[in-house]
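Comments concern the structure below.
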Amino acid sequence: MSMNAQAKRQFSAISNEMKPSAIRMLLKVANQPDIISFGGGLPNPESFPLDEIKRIFDEQLSKNGKKMLQYGATEGLDSLNVALSKRLREKEDIKSEPSNIIQTAGSQEALYMLGKIFANPGEYVITEAPTYVGTISALRASGVRMIGVEMDHYGMKMDALRDKLKKYPNPKFIYVIPNYQNPSGITMSLERRKELLEIANERGITVLEDDPYGALRFAGPHIPTLKSMDNDVVYLGTFSKVLSPGIRLGYVVGPHDVIERLNIAKQAVDLATSSVSEYIAEAYVSAGFMDKQIPKIIDLYRQKRDLMIESFENYFPKDVEFTRPNGGMFLWVTRKGADTDKMFEEAVKQKVLYVVGSAFYPDGDNHESMRLNFTFSSNENIVEGVKRLGRLFEKTAK
Ligand SMILES: Cc1ncc(COP(=O)(O)O)c(C=O)c1O
């Protein structure tokens, strides 16, 4: 009977197009002993405020246990939305009311729902190229096409964007990660941010600003968010990199029409975000723990970024290029003429992992780059892993 059902089973065209994320697959290999993984985008567990969370959890359970273990409102815990609205105003000059915010199960859920509410299958949106692999998966799951726009060291190239808009004049939105972009580590300059808003406003195109790393700034000036310059921007934030990804809590700040649509979509996806996580996050923000924790995370990550760059300088052939991010979690390494997809098998044998650059292009057409995470590995492993990669580059010399 079940064999018969299996034989007859037909899946949707959209699910036939879905591919497992390169990173999820990599995490499986990453658990093998002796492997040094620069692959996953994992925060360093040292950055998790274990003692504070334990204290907050006990306290919240005693104080609010009956509400904390109950279903919550779809838009999220009101006091958390109030705390975030205040914080975003103070830190980022984002002028939004609590009613402009909806909590989500990480930004990932927001990305999925934004794809659903904005685009019909087959319609297109504009992204940076490269872009976050999870966005590619989330949009692909709704049959949304992505048109990638080339970047340089100042972010998305505006002449390239104008060119793409000639060919694709009606994108449903433009999606960008202006701060310490995943995967490239690049920060969009203020000039580019202004130009992007100008181009989008002229044409009436919605802008999505994904900002998981903005608070993790090690160097360089603070650059205003797109959202602070134009309140019509839809802004995505998350607790994953400043508290814990396991708590699965993110949020969207947007105009009311967008938040209402997301609310309805979320009722279909998961009803509401975890109240347990929301109560913890609210206390974490309101009691000032977040402001104490972020500088510690920055110190830890800055030192790891410096060590990885120093190791590149010591162990990579001179024709290997890399970005020098002012924050975030990733370095982007490029060697002209290399094929990092082909190199990957040998890298696994050498017990060092990276994410192939092609994973970050909607059309997978760049093979010269790789993404390295500098936040997760121990200092010893950063040096050893870069040595192994250096040998691999030497071996695959062109
Ligand atoms: C650019 C970007 N957006 C969204 C996410 C998703 O984060 P989360 O779902 O943990 O909030 C990530 C995670 O790495 C990311 O790098």
Restricting to segment 104-125, name every residue that is over 16 Å from the mean Cα position of the chain (by Cα) and assigned to a strand (DSSP E or B). Tyr124, Val125
Filtering segment 126-164 for residues that are under 18 Å from Asn179 (Cβ atoms), away from the ligand (no atom under 16 Å from the Cβ) and part of a loop (DSSP other than H, G, I, E, B) leaves a count of 3
Qualifying position, being outside the structural domain of Ser274 (by TED's automatic domain parsing), of a type outside the set (D, E, K, R) and assigned to a loop (DSSP other than H, G, I, E, B), among Leu42, Leu26, Leu61: Leu42
Counting only residues that are within 16 Å of the ligand (Cβ to nearest atom) and charged (D, E, K, R), segment 65-115 contains a total of 1
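In segment 178-192, is there at least one residue being surrounded by fewer than 22 Cβ atoms within 10 Å (Cβ to Cβ) and within 16 Å of the ligand (Cβ to nearest atom)?
No; the residues of segment 178-192 include none that is surrounded by fewer than 22 Cβ atoms within 10 Å (Cβ to Cβ) and within 16 Å of the ligand (Cβ to nearest atom).
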Segment 314-354 - residue that is among the aromatic types (Phe, Trp, Tyr) and out of contact with any Pro (no Cβ under 7 Å at 6 or more places or on another chain) and, of those, farthest from Phe218 (Cα to Cα): Phe344
Suppose the filter is farther than 13 Å from Leu389 by Cα, within 16 Å of the ligand (Cβ to nearest atom) and of a type outside the set (Val, Ile, Thr); does Pro295 pass it? no
Can you find a residue that is in the same structural domain as Gly40 (by TED's automatic domain parsing), part of a helix (DSSP H, G or I) and either among the hydroxyl-bearing types (Ser, Thr, Tyr) or within 19 Å of Asp152 (Cβ to Cβ) (or both) anywhere in segment 381-390? no
Residue list for segment 342-381, restricted to those being of a type in the set (A, V, I, L, M) and under 22 Å from the mean Cα position of the chain (by Cα): Leu353, Val355, Val356, Ala359, Met370, Leu372
Given the criteria within 17 Å of Ile102 (Cβ to Cβ) and within 15 Å of the ligand (Cβ to nearest atom), does Tyr251 qualify? yes
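Where residues in segment 327-343 are surrounded by fewer than 20 Cβ atoms within 10 Å (Cβ to Cβ) and of a type outside the set (Lys, Arg), which of them is modelled with the highest pLDDT?
Step one: of segment 327-343, the residues surrounded by fewer than 20 Cβ atoms within 10 Å (Cβ to Cβ) are 334, 336-337, 339, 341-342.
Still in the list and also of a type outside the set (Lys, Arg): 334, 337, 339, 341.
On the way: Thr334: 97, Gly337: 92, Asp339: 93, Asp341: 91.
Result: Thr334.
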Per the filter on segment 31-56, residues closer than 28 Å to Val356 by Cα and among the basic types (Lys, Arg) are none
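Name the single residue that is farthest from the ligand (Cβ to nearest atom) among those in segment 304-341 being closer than 16 Å to Thr375 by Cα and without any contact (Cβ under 8 Å) to a residue 24 or more places away in the chain.
Restricting to residues being closer than 16 Å to Thr375 by Cα and without any contact (Cβ under 8 Å) to a residue 24 or more places away in the chain, the top hit is Glu310.
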By residue number, the members of segment 7-28 that are at pLDDT 75 or above and surrounded by 12 or more Cβ atoms within 10 Å (Cβ to Cβ) are Ile14, Met18
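The values are calculated or read from the model by the stated rules, or taken from the named source; none is laboratory data. Remember, it's a predicted structure, so these values are computed and weren't measured experimentally. Please note: Cβ atoms are built from the backbone with ideal geometry, for glycine as well, and neighbour counts cover all protein chains shown.
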